[in-house]
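Here the structure is laid out as structure tokens; the discussion comes afterwards.
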Amino acid sequence: MLSFSAFSPGSHASLDLMGAFLTRGRMPETLDIQKVISTSTSNVSLDDLTKKGFKQVKVLNQAIITRLISEAVDRVLFERSKEIGKEEREKVIKEAQGQFETLAKKRLEKERTRIDELEHVNQLLTTELESLKRRLSHAAESEGELSRNAAEANSLRERLLESEKRMAQLEGQLAAKNEEIQRVAAQAGGGDLATEKILAAINDRLQKVTQPAEVSQIMLSLDGLSRRLSNLSSLSGTSSLAESESMKDFSIESLFAKDSGEAIESNVSKVKVKQAKAGDVKGALAKLKKMQKGGEDGE
Amino acid sequence: MGNSAEGSSTQAEKAPSTKAAPQGGSRFEAGRGLDVGTANLASAIQDKDGNVIIKIQRNAFIDIDADYYTRNMLTKLNVQYVSINGKMVVVGDPAFELANILNRETRRPMKGGVISPSEQEAMPIEKLLLENLLGAPNYPDERCYFSVPADPIDADFNVVYHKGIFGGMLKKLGFEPKPILEGHAVVFAELAEDDFTGIGISCGGGMFNVCVSYKSIPALAFSTARGGDWIDRNVATVLGIKASRATAIKEKGVNLLSPNNREEEAIEIYYRNLISYTLEAIKTRFEGSTGMPSFPEPIEIVCAGGTSMIGGFIEVFQDEFQSIKFPIQVKNIRRAEDPLFSVAKGCLVASLSDV
């Protein structure tokens with residue numbers, strides 16, 4: 001069956017559509033004429049039209065409909081623009097500007113508040129970071145000190161044990177030598193003056209061999225080590241004079257032993273050392289000498 | 001000692017410009033002062049006109065690979081080297097500069113104020129440096145007062161051993177060695193106006209040495225094992241750099257009151273901590289010790305040493321001082337007249353006054 005889509009420009013649907021364009025104040029980006037025609041028309045068969053007495057119908061193509069709509073819209077817009085006066089336009093512009101400024105202000109305030117909050121959080125985090133860095137550094141330092149102390153304590157304990165072993169050996173040797181002396185003395189009968197002198201000399205030599213060079217040094221060293229160990233355990237932090245003296249003896253020897261053993265080549269004496277003139281010390285010297293003599297200032 | 005100002009008596013006689021003194025043939029007074037510092041060695045001597053001459057040498061070295069050409073160049077460039085057991089070491093300030101260029105650490109004969117236990121092989125070098133600084137004695141058995149640290153309150157090491165080693169070296173060079181506490185030397189150099197009454201603090205590289213003195217007599221003396229090196233180490237740790245680099249940043253001219261970047265801020269933080277730590281230590285020791293003098297008048301605190309030379313040091317010190325309840329009335333806190341030479345000058349005063 002052949003049917004027509006009837007469209008009348010003044011129909012209800014087409015007016016609604018145009019009204020919608022005008023109310024919104026702008027044309028939609030694309031106008032689907034096909035769809036508009038389809039939704040705004042109804043299908044009527046030729047028979048029905050004949051029955052209704054229509055013998056002739058006007059036929060409009062899509063291009064004409066589109067042109068008509070466009071012309072109608074342009075006409076309406078043109079008429080409307082005439083109605084809006086200069087004052088009204090300025091009023092609308094002013095209101096629009098006011099509205100825009102209010103919105104912008106609100107938005108700006110909101111952003112500022114947000115920035116303040118972020119800065120505050122940032123500051124807190126920076127402070128916390130600094131504090132953590134400091135704590136980390138202190139912790140690392142303490143840990144280092146503890147491990148150094150522990151290592152030193154272990155080393156000293158080992159040395160102490162070695163020294164004790166060595167001392168026990170030397171004491172054994174000393175006891176054996178003493179026994180030998182006594183045995184020789186007993187064999188000699190103990191009455192002869194010359195024998196006594198010989199024995200005294202042997203004894204003296206034995207003492208020289210064992211005592212100062214080995215036993216006494218080890219004894220001193222053990223004393224020193226014991227003190228250092230006790231110092232470390234109690235964390236008293238100071239060292240005793242005797243301990244230091246005992247260690248000094250060994251180290252000074254080792255220091256100057258290098259003078260003879262090692263060949264040192266140097267240009268130190270050929271190179272100029274930094275030299276400066278400092279403020280004089282005459283006043284301080286005079287005052288100190290006066291005080292030493294028990295003058296007014298020293299009394 | 002061709003370049004030595006004090007030199008030997010022979011040198012003094014040879015030099016035509018020097019005024020030959022009738023006694024002993026020297027233009028210098030009898031008596032030397034020697035600051036044995038972790039960072040620097042400094043000697044002091046007084047000529048007959050009363051001028052004090054200081055010679056200073058950075059107490060550091062670095063080993064390098066070197067051939068014959070390098071050796072010659074080092075001498076031409078005025079760089080001191082020592083070749084020992086086949087190893088070539090550059091000593092003094094150039095060692096420090098080389099360490100920064102090569103991104104390495106300098107080796108230090110001393111650590112924490114005393115001879116470093118891990119650098120025993122440095123002792124012959126140390127002896128050469130001392131010889132170069134002091135020269136030969138101008139008089140037989142000329143007295144040389146040398147600085148020693150006081151017993152530390154926060155470390156376990158051997159001050160007497162250190163004292164013995166340096167005494168031995170000086171004796172070997174022909175001097176009559178006499179030890180003096182570092183803080184006490186500061187009192188001798190800086191507090192004459194106050195009858196040598198007050199607190200002298202030597203802020204050194206290895207430690208801070210404190211001496212509370214009354215009429216030139218030390219009433220309390222101790223040291224803390226924290227100094228400029230402690231700051232450098234910590235700054236280096238937090239910034240992930242070498243300690244030598246941290247020293248270079250510190251010495252290029254930082255002001256603690258206005259740090260300009262992250263490095264300077266780190267330096268400021270550790271300086272402040274170190275000063276606060278030292279003040280607390282003085283307070284605790286003073287309150288805990290018996291027989292402390294009661295000072296009738298407010299006293300002066302004077303800070304010396306290379307670590308006190310940084311900009312804003314005294315202001316930060318005063319700031320930290322305000323925040324603790326110090327047990328002694330203090331009228332003034334100030335930096336020494338010659339911070340870097342103060343200890344050497346104090347040793348010299350002790351030496352010249354020892355009759």
For B:ALA155, the net charge from surrounding residues (Cβ-Cβ under 12 Å; K, R +1; D, E -1) works out to -2
Around A:LYS94 (Cβ within 12 Å, Cβ-to-Cβ, excluding A:LYS94; K/R +1, D/E -1) the net charge comes to -3
Probe 1.4 Å, all chains present, heavy atoms only: B:LYS215 accessible area in Å², nearest 10, is 60 Å²
Hits for chain B under the membrane-span-like helix rule (DSSP H, Cα axial span at least 18 Å, Kyte-Doolittle mean at least -0.5) are B:159-172
Under a Gaussian network model of chain B whose springs join Cα atoms within less than 10 Å, the largest fluctuation of B:SER213, B:SER276, B:SER83 belongs to B:SER83
Violations at 18 Å Cα threshold for listed pairs A:LYS272/B:LYS178; A:LYS282/B:LYS345; A:LYS277/B:LYS172 -> A:LYS272/B:LYS178; A:LYS277/B:LYS172
Probe 1.4 Å, all chains present, heavy atoms only: A:ARG80 accessible area in Å², nearest 10, is 130 Å²
Yeah, region B:308-355 with a ≥ b ≥ c from its alpha-carbon gyration tensor (a/c under 1.5 is rounded, else prolate when a/b outruns b/c, oblate otherwise) is oblate
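So, with a 1.4 angstrom probe, what is the percent of accessible area on region A:53-158 that is carbon and sulfur?
Answer for region A:53-158: carbon and sulfur cover 56 percent of the accessible area.
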Partner lysines whose C-alpha sits under 26 Å from that of A:LYS91, ignoring same-chain residues fewer than 8 away, are A:LYS82, A:LYS105, A:LYS106
Subtracting the Cα-Cα distance of A:GLU90 and A:LEU160 from 0.36 nm times their residue separation yields 14.9 nm
For A:LYS52, the lysines lying under 18 Å Cα to Cα, once residues fewer than eight places off in the same chain are dropped, come out as none
Beyond 27 Å (Cα-Cα) in this structure, taken from A:LYS274/B:LYS331; A:LYS274/B:LYS87; B:LYS55/B:LYS171; B:LYS171/B:LYS215; B:LYS127/B:LYS250; A:LYS290/B:LYS331, we find A:LYS274/B:LYS331; B:LYS171/B:LYS215; B:LYS127/B:LYS250
Ranking A:LEU288, B:LEU128, A:LEU161 from most to least accessible area with a 1.4 Å probe gives A:LEU161, B:LEU128, A:LEU288
By accessible area (1.4 Å), largest first, B:LEU34, B:LEU239 order as B:LEU239, B:LEU34
Quick tally, 1.4 Å probe accessible area for A:GLU117, B:GLU131, sorted with the most first, runs A:GLU117, B:GLU131
Straight-line reach check, A:LYS177, cutoff 18 Å on alpha carbons, 8 or more apart in-chain or any other chain, hits among lysines -> A:LYS197, A:LYS208
Of B:ALA150, B:ALA39, B:ALA66, the most mobile residue in a GNM of chain B (C-alpha springs, cutoff 10 Å) is B:ALA66
To the nearest 0.05, the calculated FRET efficiency linking A:GLN99 and A:THR50 through their beta-carbon distance, R0 being 60 Å, is 0.50
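The values are calculated or read from the model by the stated rules, or taken from the named source; none is laboratory data. From a predicted model like this one, the values you see are computed outputs, not experimental measurements. Neighbour counts are summed over all protein chains in view; Cβ atoms, including those assigned to glycine, are modelled from backbone coordinates with ideal geometry. Calculation scope for accessible area: heavy atoms of the full protein, side chains included, ligands and nucleic acids excluded. Shrake-Rupley method; radii C 1.70, N 1.55, O 1.52, S 1.80 Å.
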